[in-house]
Structure formats: C-alpha cells, structure tokens
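Take a look at the structure below.
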Amino acid sequence: MGGQTFTHGGLVLDLRDFNHIKLDKEHKTVNLQTGARWWQLQQLLDKEGLSVKSMQSINIFSVGGSLSVNGHGIDPMPGPIAPTVRTMRIMLSNGQVVKASPTENAELFRHALGGYGLFGVILDVDLDIVENEMYTRRAFYMDYKDYPSYYRANVENNSDAGLVFGRLSVSPGSYLRETAVHLYSKAQFNGSLPQLSPAKYESLDRLIINFSKTGGTGRWLRWTLEKYAEPHLHQCITRNQAMNQKEVCLVSRNEEMYDDMAYLKNRLPDTDILQEYFIPYDRMPEFVDGLRGVVQRNKANLINMTIRTVHKDTVTALPYAKQDMFGFVLYFNVGFDDKDNELLEKTTIDLINAAERAGGTYYLPYQLFYSKEQLRKAYPEIDEFFAVKKKYDPIELFSNKFYEKYGM
C-alpha cells in the first residue's frame, strides 16, 4: 500500500507461473518456487492430509511476497512465517544464485526474510508443514482488559490450542471494549477429514460488511450477527461426544485457514486500508484505550479489528515482534479524496505514537505516513538493515518506494 513492490520507472517481475511445488511427505517439508500462491499449496497439501504451518490469513498472496514481509496468521505457534523456513535460494543483483539458511549465508537469510525484496529475488524455499487436524471451534466473550490474562491462562501454554484469533467490537454500545476470542482446540477424530470446498455466503458477507461501513447501525448489526448468527453458518461436521452425547462443531485446519476473502470485493466508491500494530501482552489495555481515543477524536471509519499472536522474533534482522506480542489488525474504510487521505494520515501517525507509548511497534508493508524518526524508534535496526542491503546489492538494482523514502 506504500509502494513496497514498486519503483517509478522500474521493472516488476511477475513470477506467478514460477509456481512448481515439490512435497517431501516423509520429512514434513515442501519446496516451492516463490510465485506459487498459498491456495495452490493448500489444495495440494489437503489431498495428502497435510497443512501449512504458518501463512497469512488470506491465501491469494504469493509465497515469495509473504516471505518478503514475514507475514503472520492465526496459528499462534509459530505465528510469523520466518521460523518455518529451512532454506531459500536467492538471486543477487550480480546474477549469482546463493543458498541461504540459518547456518549458511545466515546474514543474507536474516535480511531477505522480511526484507521487502531489497536483497534479491527469492527463487524457491523449503518450508516446514504439519498434519491437517480437526478442531472444535468455540467463541468466548470478555472485556478487553481481561484478554491478556485469559490468553495466558487458556491459550499460551495450551498444547491443544490449534488456531486462535481475537476480535474487538466496533459496535457503538461496546466499542473497542467487548472482545471475542475464537479458539480452535484439537479434537479426537477417527473419520475421514473433509475435503476443501468452496466458501458459502460470500454475497451475504459482502452485504453485511458494506452495510457496516455506513455507520453505527451497520456496525451494531454486523457485531450482533457475528456473535449470534455466524457460528451457525460455519461449514463444519458434528460428532457426538462419548461422555455426554452433546454435539460439537468440528472444522479442519485447512478449511479454517483457506480464505480468499472474495467477500471483500465491492464496487463502492471507496477503499479499505489495513494497518497493524504489535503490542506486548500486558500493555494491550493501554494501547486499546489510546486507539479508542485516536479513532473517535479523528472520526476515522474503523470497521474491523482482529487480534493475532506474534512471538518474539529471533530469526529476522528487522523484527516487528521484539518480545511476545499481540498483533492488532485494523481495517479502515476511506473515500477516494484528499480529505479522507489526510484524516487517515493523521490517524496513522497518532496510532504509531500510541503504540510506541505502549512499548509496541507497527507493520511496514502499509502506507508510508510515518517519519524517519518514528521508523528508527520502532526499528532501531533499520540503519544496519539498509547498510547490509548495500553490501548485497551495491548497484541498488532492487528498490521500492519504501527504500527510496527511508533508505537512500
């Protein structure tokens, strides 16, 4: 959104046909050319009873793109993609192809992961994969101040927790206070795993989301439907528990992680902007209070907010998680005009400051509203990062708008 994949007058590589996938089922790894999209990998793995270990929550992106931003999703362990990467092959600006891993060309490995394409072309990658599993899906509701303690007690060290994400209400009556925890716990299941199938209710989801952009009534309706009606619309199978004969809803890991978010597409005269902030567990209430004040003061149209888990990053050179953190994914609706853009810029700067006060950071793949000073406060490693970039790319062949603004 800030031009991290573009430079003026530059050449953009389209790697979508560079998408071969080779599975090593015995060692639970897969080798992918980096033009492969996540949905292609998911479809292949599903037929083998296997699943992606970590990926972005939307599966339309390329694997190489996700590596270049060190994306993260709804599996709290490992959270970001970087810990699941075994090796990569990277073509440098001089045409040399090198292998990089935590033990071979480790400096290049650390910088190319989350390196925004500035160090070379990632040609292919070996990733860890896991078994596909069945989960029981449950939602729990609480005050936002109780979320950190609930998470530590019920998720953090719970070996049965498969997938998890939170959601903060944007409904007027419970605005950024009531919080949902969607927890997918491992279930005993002896039947045949369900195959991936097309999503249902896309038109209904799109209608509800678009209505939520119009104001408080729409956001109230959406939160109410998500809380009371949406659980009954999930694609799932049921089984009777042996002890009490109570039916529970089971979903597969692949089914829950397979999301192309087609329901977000619309023809309205507006657009939707993502932002992400990473906050230490115990500082969550402080950040949410600051967020609430910023959004209400600036009258920004915040239509969705989810919570992920990102554990301390010990792999990449430019870590957004300096310690175990919650990742807050914000979804703003804005019009195509200068007024809305200026409002969003002010909101972004204010939220970056709120995150800094709470000991947090912000994600770099988005709009370049932040100053160089804000960048260095959140990422004190940035000057060394740019210096290493020039070491591996002395002719500065690889560039983008992010690098042009902050690294040159």
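Structure data summary
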item: Filtered residues of region 271-308 (kept if in contact with a helix residue (DSSP H, G or I) (Cβ under 7 Å, 6 or more places away or on another chain) and among the hydroxyl-bearing types (S, T, Y)); result: Y277, Y281
item: Test for Q96: is it surrounded by fewer than 21 Cβ atoms within 10 Å (Cβ to Cβ) and either within 28 Å of M325 (Cα to Cα) or not polar (S, T, N, Q) (or both); result: no
item: The one condition in (1) under 23 Å from the mean Cα position of the chain (by Cα); (2) modelled with pLDDT under 95 that P380 fails to fulfil; result: (2)
item: Residue that is farthest from K401 (Cα to Cα), among those in region 359-374 that are of a type in the set (A, V, I, L, M, F, W, C) and surrounded by fewer than 20 Cβ atoms within 10 Å (Cβ to Cβ); result: F369
item: Meets criteria (part of a helix (DSSP H, G or I), in contact (Cβ under 8 Å) with a residue 40 or more places away in the chain and touching a helix residue (DSSP H, G or I) at 6+ places or on another chain (Cβ under 9 Å)) for S51; result: no
item: Matching residues in region 203-222 - criterion: being in contact with a Lys or Arg (Cβ under 9 Å, 6 or more places away or on another chain) and assigned to a helix (DSSP H, G or I); result: R206, I208, I209, F211, S212, R219
item: Test for R110: is it charged (D, E, K, R), closer than 29 Å to D324 by Cβ, buried (at least 16 other Cβ atoms within 10 Å of the Cβ) and at pLDDT 95 or above; result: yes
item: Scan of region 118-170 for residues that are under 30 Å from L23 (Cα atoms) and without any contact (Cβ under 8 Å) to a residue 60 or more places away in the chain, ordered by number; result: N158, S159, D160
item: Residue check for Y277: surrounded by fewer than 18 Cβ atoms within 10 Å (Cβ to Cβ) and of a type in the set (S, T, Y); result: no
item: Residue match in region 19-31 (condition: closer than 30 Å to L368 by Cβ, among the hydrophobic types (A, V, I, L, M, F, W, C) and modelled with pLDDT of 95 or more); result: no
item: Per-region count, region 47-62, residues out of contact with any Asp or Glu (no Cβ under 9 Å at 6 or more places or on another chain) and either buried (at least 21 other Cβ atoms within 10 Å of the Cβ) or among the hydroxyl-bearing types (S, T, Y) (or both); result: 1
item: Pair list, Cβ under 7 Å, 6 or more apart: region 186-199 residue in a strand (DSSP E or B), other residue of a type in the set (D, E); result: K186/E133; K186/D160
item: Members of region 55-71 found to be at pLDDT 95 or above, in contact with a Ser or Thr (Cβ under 7 Å, 6 or more places away or on another chain) and not aliphatic (A, V, I, L, M), listed by number; result: S62, G64, N70
item: Flag for F328 being at pLDDT 95 or above and more than 18 Å from Y277 (Cβ to Cβ); result: no
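Quick grid of which residues meet (1) part of a strand (DSSP E or B); (2) surrounded by 17 or more Cβ atoms within 10 Å (Cβ to Cβ):
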position: G117; (1), (2): no, yes
position: D124; (1), (2): yes, yes
position: V130; (1), (2): yes, no
position: T136; (1), (2): yes, yes
position: K145; (1), (2): no, no
position: Y151; (1), (2): no, yes
position: L176; (1), (2): no, yes
position: H182; (1), (2): yes, yes
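Each row is one residue, and each column tells you yes or no for (1) surrounded by 15 or more Cβ atoms within 10 Å (Cβ to Cβ); (2) touching a helix residue (DSSP H, G or I) at 6+ places or on another chain (Cβ under 6 Å); (3) within 25 Å of T271 (Cα to Cα).
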{"position": "V310", "(1), (2), (3)": "yes, no, no"}
{"position": "T316", "(1), (2), (3)": "yes, yes, no"}
{"position": "G327", "(1), (2), (3)": "yes, no, yes"}
{"position": "R357", "(1), (2), (3)": "no, no, no"}
{"position": "N400", "(1), (2), (3)": "yes, no, yes"}
{"position": "M408", "(1), (2), (3)": "no, no, no"}
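Let's see how each residue does on (1) in contact (Cβ under 8 Å) with a residue 60 or more places away in the chain; (2) of a type in the set (V, I, T); (3) under 25 Å from K28 (Cα atoms):
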{"residue": "V98", "(1), (2), (3)": "no, yes, yes"}
{"residue": "T103", "(1), (2), (3)": "no, yes, yes"}
{"residue": "A112", "(1), (2), (3)": "no, no, yes"}
{"residue": "G173", "(1), (2), (3)": "no, no, no"}
{"residue": "T179", "(1), (2), (3)": "yes, yes, no"}
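The values are calculated or read from the model by the stated rules, or taken from the named source; none is laboratory data. Predicted model only: the values in this text are computed from it and were never measured. Ideal geometry is used to build each Cβ from the backbone, glycine not excepted, and the neighbour counts take in all protein chains shown.
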